[in-house]
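*Asks:* Mind having a look at this structure? Questions to follow.
The values are calculated or read from the model by the stated rules, or taken from the named source; none is laboratory data. Remember, it's a predicted structure, so these values are computed and weren't measured experimentally. Cβ: placed from backbone, ideal geometry, glycine included. Neighbour counts: every protein chain shown. The protein model used for the area step is the full one, side chains on, heavy atoms only, and it has no ligands, DNA or RNA in it. Shrake-Rupley method; radii C 1.70, N 1.55, O 1.52, S 1.80 Å.
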Amino acid sequence: MPEGHTVHRTAKHFSKHFLGKQVELTSPQGRFTDSKLVSGQALLTSEAFGKQLYLGFETATVRIHLGIYGKWRFRGFEDTPPEPVGQVRARFLSGEQVADVVGPTSCEVLDALQVTAKQSKLGPDPLRIDPGDHELQRFLTRVASSKVVIGQLLMDQSVIAGVGNVYRAELLFRAGLNPYTPGHLIASEVIAGIWFDAVMLMRIGVKTGIMLTRDGYLKGRPTILDRYSAYKREGLPCRNCLNPISIQVLNSRKLYWCSSCQSA
Ligand SMILES: [Zn+2]
């Protein structure tokens with residue numbers, strides 16, 4: 001599943017190629033019948049909230065959540081738009097740009113009240129500009145008031161929006177924090193440290209398109225073997241202490257961590 005940095009990159013792509021232009025919106029596959037409600041209107045806003053994309057048109061907003069199987073395909077063309085490939089739920093066409101989305105969990109047209117209702121369910125997003133540290137404060141409050149373990153809280157989109165399995169594993173490894181520590185037992189400076197680390201790492205993700213999480217590998221294109229400290233490294237020696245990395249299923253998602261470095 002794409003994590004928040006990918007969705008913010010998609011929002012930037014729409015800003016660059018579609019913003020202010022009239023967009024023809026269709027559903028080649030036929031399932032997104034509401035596409036006609038905004039087709040032909042100008043795209044006025046393109047924003048990511050966590051893992052959800054909001055494309056604001058003149059009279060309504062299209063909300064897209066890729067979920068586990070959804071994918072975007074962006075293409076430029078010269079004369080005729082390329083034929084849709086696969087089950088394209090929605091096609092955005094403007095000028096010489098086309099954006100196709102296949103297999104999203106949600107793709108719907110919302111009015112302003114519905115947009116507010118959806119967004120109010122989402123927790124703070126480390127990738128949104130945060131003057132006055134309001135987002136940070138919301139994160140601190142949500143973690144510190146919960147008895148749920150931090151490994152599960154970081155995957156809860158109402159606690160922190162945009163973090164997924166890779167950033168969860170790597171953020172906890174970098175913090176040296178046991179994923180099974182209940183939120184209310186974690187010192188506030190440790191919680192704030194995770195937030196600021198997420199802000200830094202996810203911004204790098206938006207810039208590069210890759211989840212770079214290891215100091216010394218925060219630039220360039222490290223191979224998949226070098227990229228992570230904990231994620232998908234079960235059984236391999238920890239890069240710090242050589243203890244084998246553990247794997248356990250927590251709330252039906254695989255959790256990776258070093259039981260020695262992250263014992264506290
Ligand atoms: Zn270790």
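*Asks:* In square angstrom, what is the accessible area per residue of the stretch 40-188 with a 1.4 angstrom probe?
*Replies:* 43
*Asks:* Same structure, new question: What is the distance in Å between the Cα centres of the stretch 128-162 and the stretch 208-228?
*Replies:* That distance is 25 Å.
*Asks:* Rank by packing, highest mean first: peptides 170-179, 202-211, with packing defined as the count of other Cβ atoms within 10 Å averaged across residues.
*Replies:* Top to bottom by mean Cβ count within 10 Å: 170-179, 202-211.
*Asks:* For the stretch 131-257, what is the convex hull (Cα atoms) projected area averaged across all directions, in square nanometres?
*Replies:* That works out to 7.9 nm².
*Asks:* Moving on. Would you list, by chain and number, the lysines whose Cα falls below 26 Å from the Cα of Lys121, excluding same-chain residues fewer than 8 positions away?
*Replies:* Lys12, Lys51, Lys71, Lys147, Lys254
*Asks:* Could you please tell me the mean projected area of the C-alpha convex hull for the chain, averaged over all directions and given in square nanometres to one decimal?
*Replies:* Projected area, direction-averaged: 15.1 nm².
*Asks:* Can you send over the carbon and sulfur percentage of the accessible area for the stretch 41-195, probe radius 1.4 Å, protein chains only?
*Replies:* The computed percentage sits at 54.
*Asks:* Another one. Tell me which residues come under 5 Å, amide H to amide H, from Leu236 once H is placed; ignore anything under 5 positions away on its chain.
*Replies:* Ile245
*Asks:* With a bin width of 10 angstrom, please list the P(r) values of the stretch 1-125 as percents of all Cα-Cα pairs, from the 0 bin to the one holding the largest distance.
*Replies:* 14, 49, 34, 4, 0
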